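The values are calculated or read from the model by the stated rules, or taken from the named source; none is laboratory data. Note that this is a predicted model, so its numbers are computed, not measured. Cβ: placed from backbone, ideal geometry, glycine included. Neighbour counts: every protein chain shown. Just the protein is used for accessible areas: all its heavy atoms, side chains included, with ligands, DNA and RNA removed. Shrake-Rupley method; radii C 1.70, N 1.55, O 1.52, S 1.80 Å.
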Amino acid sequence: MAALDGVAMGALVWPTKRDWRLAASDMVRGLLAWEIWTLLGVSDIRQRYKRSRLGQFWITASMAFFVASTGVVYSLLFNQPIYDYVPLLAVNMTVWTLISGIVTDSTTAFVQAGMYLRQDALPKAIFVIRVLTRNLIILGHNIVIIPLVFLAFGVVPTPVAVLAIPGLALLIVAAFAVTLISSLLCTRFRDLPQIVQNLLQIAFFVTPVLWRPEQIGESAFYLVALNPFAAFLRIVADPLRGQVPDALAYANALLSTLILFAIALPLFARFRARIVYWL
Amino acid sequence: MASITLTNATVEIPIYNARGRSFRSNILRHVGGRLEPDNRDVVIVRAVNDITLSLKPGDRLALIGHNGAGKSTLLRIFSGAYEPSTGTAEISGTVSSLLEITMGMDPELTGAENIVLRGVFVGLSIDEARRLIPEIAEWSELGEYLALPLRTYSSGMLLRLAFAVSTVRHRDILLLDELIGVGDMNFAAKARQRIEDMMDRADILALASHDTNILKQYCNRAILLRQGCVVADGSVDDITREYSSQSA
């Protein structure tokens, strides 16, 4: 693993007490700098759509186009009633867009912030949280599709929907760890963003976003129960559709979150100071 | 109390070529045959080499040296952006680093929006930054231009705006990489006044420049850098003399 550090300093050593202290301070100061990460997140979105007439509502419009076109084609393909399939697709795609958006953006979090990191002693966590902020703003734009689709197809929301809130909270916590790991490694290894992109593509197809686990039968167990993407998708999407997620999904999501932090925290503590050297 | 203490601080920046940065070659290196005795994929640049230095309030440090001698990297250690790869740097006090004053400005956003965006990085809250917009509009003489996107600005106007925002806060430690020349003659004088005011209020100043007159005017101590090492430390007069005798 010496290759990770780049400098011939021998084996990968466990973070020292000082490393841990500085990493903890980085994260606390990063979280407290909410004005910076909200402003950066908002500016990211604002800048992307600045010169277009529809502005950031292109986010909503794109999602509407996708749900409408894919909804029609796949309901025919899967032989499913459209009033049943389109609401499912709208909810799943909204949540999946959040997950995949965070993973995609995580690969460039520090590289994109290079000019800041090289000049000032800013907490690195700011740029991790910025990715989350940006994608939550996108979620805010996409989520308006859901009530519209429900209205159009006569789906009545149930009180179970509030379960989506703790689900989303857990997803965001896990996303922090994912972004920390991915942004750090992607700064060091510049081929990794492409690899992550490809894995994400595969994850989209093996996760029940476009399809229902029932359609696959027995083997769905492996794709749904063991797949962390499916777990995080279900703990947010299922309640919105009026289903209580099964305990297995929560267990998977919780365990995945713990594992992610067990990797992210030592990795960040050890290499936090090296990030700026890799830019 | 502001202070900067470097102890045997070294900054070694690994430069990965395309192969060194790739994940594949790292895997291949492990599964492949014998390892190369020296790792030819990584070139290490020692930008700052084993510097021990301490600055206390009242110090006005001049950094002197050729291009690539390590002045900017040393300033970046002072700002806390680079933590030494070996050795330590302890920085206490708030830092205002005017190394790249246009940092974080966004061409698509308006001047006013950029004041807020840049303002939070120099330690303002969003509200404080918003309240400063009229004052900055007046001082920078940009007035109604602040409502236009930054991409419509000339480079001089951009610098004026960046300078105006970057200098609104007085901090304990002031870091400068060359004095910033902003705008036409009238404006340059105004900018100079503002930066002198900042220097006066700062506990510690570190200024890198090739202009010996400027260094003599503002600094009371100098270090001469060569290939990342401090080769001389003393009064500004002595060090500038040594530097020019070397260059000759």
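Taking each full run of DSSP H in chain A as one helix, which ones are at least 27 Å long along their axis (Cα atoms) and have mean Kyte-Doolittle hydropathy of at least 1.0? Span-like helices here: A:57-77, A:82-106, A:164-188, A:247-271.
Counting helices only, and only those DSSP H runs with n ≥ 4, report the 222 nm mean residue ellipticity of chain B as the sum of -39,500 (n - 2.57) divided by its residues, in deg cm²/dmol to the nearest 500.
Numbers: 9 runs with 93 residues, N = 248.
Mean residue ellipticity, 222 nm, calculated: -11000 deg cm²/dmol.
Shielding of peptide B:143-155 by partners, expressed as the average count of other chain Cβ atoms within 10 Å per residue Cβ, is 0. When you count the other C-beta atoms within 10 angstrom of each residue and take the mean per peptide, A:179-191, B:95-107 line up highest first as A:179-191, B:95-107. Per residue of peptide A:117-129, the mean number of Cβ atoms on other chains within 10 Å of the residue Cβ is 4. Label zone of residue A:199 (point 7 Å out along Cα→Cβ, amide N under 19 Å): in segment A:236-279 this covers A:252-269, A:271.
All other residues whose Cβ lies under 12 angstrom from that of residue B:54 are scored, Lys and Arg at +1 and Asp and Glu at -1, for a net of -1.
Once you have a ≥ b ≥ c as the square roots of the Cα gyration tensor eigenvalues for segment B:98-202, tell me rounded if a/c is under 1.5, and otherwise prolate or oblate according to whether a/b is larger than b/c. Oblate. Using 1/(1 + (r/R0)^6) with R0 = 25 angstrom and r between the beta carbons of residue B:193 and residue B:144, what's the FRET efficiency to the nearest 0.05? Rounded to the nearest 0.05, the efficiency is 0.50. Using the Cβ-Cβ distance between residue A:104 and residue A:173 with R0 set to 25 Å, the FRET efficiency works out to roughly 0.85. With a 1.4 Å probe and every protein chain kept in, tell me what percent of the accessible surface of segment B:60-115 is carbon plus sulfur. After summing per-atom areas, the C and S share lands at 46 percent. Once a ≥ b ≥ c are taken as the square roots of the eigenvalues of the Cα gyration tensor of chain A, is the result rounded (a/c under 1.5), prolate (a/b larger than b/c) or oblate (a/b not larger than b/c)? Taking the square roots of the gyration eigenvalues as a ≥ b ≥ c, chain A is prolate.
Given R0 = 41 Å, the distance between the Cβ atoms of residue B:242 and residue B:135 translates into a calculated FRET efficiency of 0.40.
Take the Cα of residue A:261, go 7 Å toward its beta carbon, and the backbone nitrogen atoms of segment A:169-186 under 11 Å from that spot belong to A:173-174, A:177. Helix-only arithmetic for chain A: the sum of -39500 (n - 2.57) across DSSP H runs with n ≥ 4, divided by the residue total, places the mean residue ellipticity at 222 nm at -24000 deg cm²/dmol.
Looking at chain B, the DSSP beta bridges with both ends there are about 55 percent antiparallel. With bins 10 Å wide beginning at 0, the percent of Cα pairs of chain B falling in each bin runs 7, 26, 28, 22, 13, 4, 1. For the Cα atoms of chain B, what angle does the longest principal axis make with the long axis of helix B:155-166, in degrees from 0 to 90, nearest 10? So the inclination is approximately 90 degrees. In this label model, residue B:152 and residue B:127 are separated by 3.1 nm, measuring between points 7 Å along each Cα→Cβ vector.
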